[in-house]
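Novice: This is the structure I want to talk about, given as structure tokens.
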Amino acid sequence: MDVLEGTAWVFGDHVTTDQIYPGRYLERPLEEAGRYALSGLDEDFAGRVRRGDFVVAGVNFGAGSSREAAVVALKQAGVAAVLARSFGRIFFRNAINNGLPAVIVPDTSGIRTGDRLRLDLGARQVTVLDTGAVLPVINLTGISMAILRAGGIVPFTEARLAERRRA
Amino acid sequence: MTLTERIIARAAGRSTVAPGDEVWATVDLAVMHDSSGPRRIAPILDRLGGRFWDPERVVLAIDHFTPPATLTHAEIVGFTRAWARERALRHFFDGEGVMHNLLLEEGLARPGMLIVGADSHTCTAGAVGAVAVGVGATELATILVTGEVWLRVPPTVLVRFDGAMPAYLTARDLAMAVLQSLGADFAIYRAVEYVGEAVEGLGVDERAVLTNQAVEMGAKNGIIAPRFEGEDRVVAVDAAIDLSPSVPEECEAVHVFQVADLSPLVAVPPAVDQVRPAAALEGITLDRAYIGSCAGGKAEDLRLAARVLRGRRVRIPLVVTPATQQVVRSCLADGTLQTLIDAGAVLQAPGCGACAGLHSGLLGPGERCVATVTRNTPGRMGHRTAEIYLASPLTVAASAVTGRLTDPREVL
Ligand code: SF4
């Protein structure tokens, strides 16, 4: 999972979890969440995004409600990583805890929808393949990276519990 | 260390922590409701062996889908109730009110605690000097088994309100003043701690508005150093922990507001930080008024509204959803409910009500509502073209009387 390549879908600042997964779908089963990904902003997004694509945004992506369906919807729709200048903190946790890289890139302004990107989590950088621009990733160290590498907080916790039983 | 750092250090079993440190901490309380709780966590819990680390520290409230408006709601409520019974959960509240408010009323949230909850407004419990943070449902399931949460220690931003509170202002106006000048993202990854003369004079109900709104500022938690005099339910979790307010030198930033300079405010759609003086919006006519939610349905909110409505009649429908059954009891006892009903308000069952746009008074296309709820995101209370104007209970009541956005000073 350390190196991922995908096409960028660019959104603006302050995208809320209400826009990523509108409240009216909350009573639906989570297995259907992918159909409604980002439908509060772009009704067609879920139909057009390809597996492995990246969502790129400005500040405070995933602000507002703690609904985990926002992360589940993006994953199910095929989104492989979200790059933003900053995240709503519960969205950030939910992303890491569900194994979706939520990557803080201090300046995403040079990225356009359709750009091919390479995310290297080991080297902690994003390369815009068309221009060769290299952008630093400033988060994902320590515990959050360990959870991400384990594939999320559930497999991570399973491993911790197993370790405790052995000890 | 700041107040938030001291509480996290205790929970992490360390003598000190500093902003940016990543720690594992033991939680004092883990809380969830019918939307984020059993229906989401049950399968994960089963996968992890299914045993709570400490059932006494688990709280569940049915507050979102109650009273059920559809069969789907009824199924969610039924599943939640059956799950709670099966596990013989002691701290289980079934349609008795909003979880965040129940934690404070019941004395479950205590000064010095580290509380995690599967809801973004979990930060409300910071009103009694706890560090209370929201997490997702999956993460909560893992915490229920291990009792541990990973945290990055946040830097603290101090927000100070100088001067005494005048009668026309409420904690909601203070919170909106902060959002107006600093925006909806100034506190991302940070703790917001409120201090100052105006805050010290507030009771827990009003303090809870400030800590509740911290999440709208992007914060990890909102906190106020506890006041113990006159609050018999406020008992520290650990007598050894220093719960005094943070000093400015330890904080990342200090923002000072002069209360005397503030006026009643309104957050206009589509964002919590689009804040204007109520007096500047008096041309905006309204279809509905709403008093409710974890931020705006507490006993103090109803009493503030009653102050405006005594001897007056509403001109547009005013719906009141008390946050909890205890709010109903205390406002029944002191005559507040009588005043509201005499003025023409309609009372609903306690709980989240229309705040999350699930039932109990959704807004139709283009409807304009002034409300004490937590957020005004398009679609939050119903149709995405409906307009939600957020305001204090005083401003909502005054606006219900005139049928347009109104500075309460005009009516009081
Ligand atoms: S009252 Fe509103 S903001 Fe508070 S917990 Fe319920 S739905 Fe959420």
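The values are calculated or read from the model by the stated rules, or taken from the named source; none is laboratory data. Predicted model only: the values in this text are computed from it and were never measured. In this analysis, Cβ positions are derived from the backbone assuming ideal geometry, glycine residues included, and neighbour counts consider all displayed protein chains.
Novice: Taking the conditions exactly as written (facing another protein chain (nearest Cβ under 10 Å) and either surrounded by fewer than 17 Cβ atoms within 10 Å (Cβ to Cβ) or over 22 Å from residue B:37 (Cα atoms) (or both)), does residue A:27 satisfy them or not?
Specialist: On the way: facing another protein chain (nearest Cβ under 10 Å): yes; either surrounded by fewer than 17 Cβ atoms within 10 Å (Cβ to Cβ) or over 22 Å from residue B:37 (Cα atoms) (or both): yes.
So residue A:27 fits the description; yes.
Novice: Can you name every residue in region B:301-327 that is surrounded by fewer than 22 Cβ atoms within 10 Å (Cβ to Cβ) and either among the acidic types (Asp, Glu) or within 18 Å of the chain's Cα centre (by Cα) (or both)? Step through it out loud before you land on a result.
Specialist: Filtering region B:301-327 down to residues surrounded by fewer than 22 Cβ atoms within 10 Å (Cβ to Cβ) leaves B:303, B:307, B:310-317, B:319, B:325-326.
B:303, B:325, B:326 - these are the residues of region B:301-327 that are surrounded by fewer than 22 Cβ atoms within 10 Å (Cβ to Cβ) and either among the acidic types (Asp, Glu) or within 18 Å of the chain's Cα centre (by Cα) (or both).
Quick grid of which residues meet (1) within 16 Å of the ligand (Cβ to nearest atom); (2) β-branched (Val, Ile, Thr); (3) in contact with a Pro (Cβ under 9 Å, 6 or more places away or on another chain):
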site	(1), (2), (3)
B:46	no, no, no
B:50	no, no, no
B:56	no, no, no
B:59	yes, yes, no
B:63	yes, no, yes
B:75	no, no, yes
B:82	no, no, yes
B:91	no, no, yes
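Novice: Please indicate, with yes or no, whether at least one residue in region B:30-37 is assigned to a helix (DSSP H, G or I) and of a type outside the set (Phe, Trp, Tyr).
Specialist: Of all residues in region B:30-37, those assigned to a helix (DSSP H, G or I) come to none.
No: zero hits.
Novice: Exactly one of these conditions fails for residue B:408: (1) surrounded by 21 or more Cβ atoms within 10 Å (Cβ to Cβ); (2) within 16 Å of the ligand (Cβ to nearest atom). Give me its number.
Specialist: Among (1) surrounded by 21 or more Cβ atoms within 10 Å (Cβ to Cβ); (2) within 16 Å of the ligand (Cβ to nearest atom), the lone unmet condition for residue B:408 is (2).
Novice: A further question follows. Hey, can you tell me all the residues within region B:1-32 that are within 11 Å of another protein chain (Cβ to nearest Cβ) and either closer than 17 Å to residue B:244 by Cα or within 16 Å of the ligand (Cβ to nearest atom) (or both)? Full working, then the answer.
Specialist: So the first thing to find is which residues in region B:1-32 are within 11 Å of another protein chain (Cβ to nearest Cβ), and the list is B:20-24, B:32.
Hit for region B:1-32 is B:32, nothing else.
Novice: Considering only region A:53-154, give the helices (runs of 4 or more DSSP H) lying wholly within it that have at least 1 residues that are more than 28 Å from residue A:40 (Cα to Cα) and facing chain B (nearest Cβ under 10 Å).
Specialist: Of the helices (runs of 4 or more DSSP H) lying wholly inside region A:53-154, those with at least 1 residues that are more than 28 Å from residue A:40 (Cα to Cα) and facing chain B (nearest Cβ under 10 Å) span A:142-150.
Novice: While we're on this one: Here are some conditions: (1) closer than 23 Å to residue B:215 by Cβ; (2) within 14 Å of another protein chain (Cβ to nearest Cβ). Residue A:11 meets all but one. Which one does it not meet?
Specialist: Residue A:11 satisfies every listed condition except (2).
Novice: Another question, then. Any idea which residue in region A:31-77 is farthest from residue B:378 (Cα to Cα), counting only those that are within 16 Å of the ligand (Cβ to nearest atom) and of a type outside the set (Asp, Glu)? It would help to see each step written out before you state the result.
Specialist: Of the residues in region A:31-77, the ones within 16 Å of the ligand (Cβ to nearest atom) are A:63-70.
Cutting the leftovers down to of a type outside the set (Asp, Glu) gives us A:63-67, A:69-70.
Details: A:63: 14, A:64: 12, A:65: 13, A:66: 17, A:67: 16, A:69: 18, A:70: 16 Å.
Restricting to residues being within 16 Å of the ligand (Cβ to nearest atom) and of a type outside the set (Asp, Glu), the top hit is A:69.
Novice: List the pairs whose first member sits in region B:80-93 and is in the same structural domain as residue B:68 (by TED's automatic domain parsing), whose second member is at pLDDT 95 or above and assigned to a loop (DSSP other than H, G, I, E, B), and whose Cβ atoms are under 6 Å apart, counting only residues at least 6 apart or on separate chains?
Specialist: What qualifies is B:80/B:34.
Novice: Looking only at region B:1-23, which residues are assigned to a loop (DSSP other than H, G, I, E, B) and buried (at least 18 other Cβ atoms within 10 Å of the Cβ)?
Specialist: In the first step, residues of region B:1-23 are kept if they are assigned to a loop (DSSP other than H, G, I, E, B); the result is B:1-2, B:13-21.
Correct list: B:1, B:2, B:17, B:19.
Novice: Further, regarding this structure: Criterion first (within 16 Å of the ligand (Cβ to nearest atom), modelled with pLDDT of 95 or more, outside any helix (DSSP H, G or I) and in contact with a helix residue (DSSP H, G or I) (Cβ under 9 Å, 6 or more places away or on another chain)) does residue B:132 satisfy it? Outline the logic, then answer.
Specialist: Numbers: within 16 Å of the ligand (Cβ to nearest atom): yes; modelled with pLDDT of 95 or more: yes; outside any helix (DSSP H, G or I): yes; in contact with a helix residue (DSSP H, G or I) (Cβ under 9 Å, 6 or more places away or on another chain): yes.
Yes.
Novice: Still on this structure: Just a yes or no: is a residue in region A:73-85 at pLDDT below 95 and either under 10 Å from the mean Cα position of the chain (by Cα) or within 20 Å of residue B:134 (Cα to Cα) (or both)?
Specialist: First pass over region A:73-85, keeping only residues at pLDDT below 95: none.
No: zero hits.
Novice: Something else about it: Which of the residues that make up region B:144-176 are surrounded by fewer than 24 Cβ atoms within 10 Å (Cβ to Cβ) and in a helix (DSSP H, G or I)?
Specialist: B:145, B:146, listed by residue number.
Novice: For region B:104-118, check the following and say yes or no: at least one residue is within 16 Å of the ligand (Cβ to nearest atom), within 22 Å of the chain's Cα centre (by Cα) and within 9 Å of another protein chain (Cβ to nearest Cβ).
Specialist: yes
Novice: Quick one: residue B:64 ticks every box in (1) part of a helix (DSSP H, G or I); (2) within 12 Å of another protein chain (Cβ to nearest Cβ); (3) touching a strand residue (DSSP E or B) at 6+ places or on another chain (Cβ under 7 Å) bar one, so which box is it?
Specialist: (1)
Novice: Here's something else I'd like to know. Within region B:220-242, identify whether any single residue is small (Gly, Ala, Ser), under 25 Å from residue A:61 (Cα atoms) and more than 20 Å from the chain's Cα centre (by Cα), and answer yes or no. Lay out the reasoning, then the answer.
Specialist: Here is the first cut: in region B:220-242, the residues small (Gly, Ala, Ser) are B:222, B:225, B:230, B:236, B:239-240.
If we keep only those that are under 25 Å from residue A:61 (Cα atoms) as well, we get B:222.
Filter once more, so that each one left must be more than 20 Å from the chain's Cα centre (by Cα): none.
The answer is no; no qualifying residue exists.
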